[in-house]
Amino acid sequence: MPGFDRTKKQLVLAMDHARAMGAVEGLEDPGAVIDMAIEAGADAIMTSYGVIKRFKGQLIGHIPTILRVDGGPSFYREDWLKNTEWRLLHTVEDAHALGVDGVCTMVFMGSDVELETLSITSDVAGELSGSSMTLMVEALPCPSDRIPDALDAKAMADACRLAFEHGADVLKTYATGSAESFRQVTANSPNPVLIAGGAKMDSERAVMQVVRDTLDAGGRGVVFGRNIWQNPQPAKMIKALRHLIHDDGTVDEAMNFLS
C-alpha cells in the first residue's frame with residue numbers, strides 16, 4: 001500500500017489525545033476506532049507509540065500511519081498551549097522499527113518551550129532527510145504578551161512558516177475563523193496546510209463550515225480527532241468530511257451524509 005501522499009488532500013484521523021489527557025471519551029477502544037476509520041475511508045491515522053505498538057496489525061499496511069514522537073506533561077500538570085516542558089520521546093529509529101509512514105512534532109510559537117520544539121523539529125527533519133517518511137508539524141501560536149490572540153491569522157501564518165523553515169513537509173494548525181483570514185496562512189506556506197479540529201465543536205454544521213472555508217482558502221484537508229470519534233456517528237462524519245475534501249462538496253451536501 002502506498003504511504004502518506006503529500007500531493008493530495010488528506011483526511012487524517014488524530015488519535016494521540018490520550019497521551020496527555022489519559023482516559024478520553026471516544027477512545028476507550030482504539031482498535032475499534034481504527035477499524036471504523038479504515039472502513040469509512042479515512043486517508044491516514046496519526047497516533048501514539050503505544051497505540052501503534054498494540055494495534056500494529058490493524059494499521060501498518062492497511063492505512064498510512066503517522067507517529068507522534070514528541071510530548072510534554074499531562075493535562076494534570078499544565079494546560080495545553082501553556083507548556084513549560086517538551087521533549088522528544090520517541091526516535092526516528094523507533095518510527096522505522098514500527099514501519100510508519102511519517103512522524104509528527106510540535107512547534108509552540110511564543111511559549112516557554114518554543115526553542116525546544118524548533119530544535120526537535122529541525123533534528124527530526126534532518127534525520128528524515130532522504131527518507132520517504134513525511135514530517136507533519138503541528139504549528140500553533142501560544143497566548144502570550146506578544147501573541148494576545150492565538151487564533152490571529154498573522155500569528156497562525158507565522159507559526160506555520162517557522163515550522164516550514166525548520167523542515168516540515170506538512171503543516172497542521174488551527175482554522176482562523178474565515179476563508180479570507182485563513183488564506184493568509186496558506187499563502188505564506190510553501191507546503192500543504194491541514195487544519196486541526198481542537199475541542200469538539202458545537203454542531204456538525206459548524207464542523208463542515210470550518211472545513212469548507214479552509215478548503216476554499218487553499219487548505220489541504222484536516223487532522224481531526226474529537227470532532228470525529230466523539231460524534232455519535234463517527235463513520236458518517238468521516239464520509240461527510242470526505243465529500244468536502246475529495247469531492248469538493250458543499251456544506252449542505254456534506255450534511256446529507258449525517259441524516
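The values are calculated or read from the model by the stated rules, or taken from the named source; none is laboratory data. Because the structure is a prediction, the values reported are computed rather than measured. With ideal geometry, Cβ positions are generated from the backbone for all residues, glycine too; neighbour counts draw on all protein chains shown.
Select, from Phe75, Phe55, the only residue that is more than 17 Å from the chain's Cα centre (by Cα) and farther than 23 Å from Ala95 by Cβ.
Matching residue, one of Phe75, Phe55: Phe75.
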Check: Given (1) on the phi < 0 side of the Ramachandran plot; (2) among the charged types (D, E, K, R); (3) touching a residue at least 12 places away in the same chain (Cβ under 8 Å), where does Asp252 come up short, assuming only one miss?
Finding: (3)
Notebook entry, point to check: What are the pairs, 6+ residues apart or on separate chains, where a residue within the range 195-214 that is within 15 Å of Glu138 (Cβ to Cβ) and modelled with pLDDT under 95 has its Cβ under 7 Å from a residue that is of a type outside the set (Gly, Ala, Ser) and part of a strand (DSSP E or B)?
Noted result: Gly197/Val222; Gly197/Phe224
Check: Which of the residues belonging to the range 203-259 are assigned to a helix (DSSP H, G or I), buried (at least 24 other Cβ atoms within 10 Å of the Cβ) and among the small types (Gly, Ala, Ser)?
Finding: Ala240, Ala254
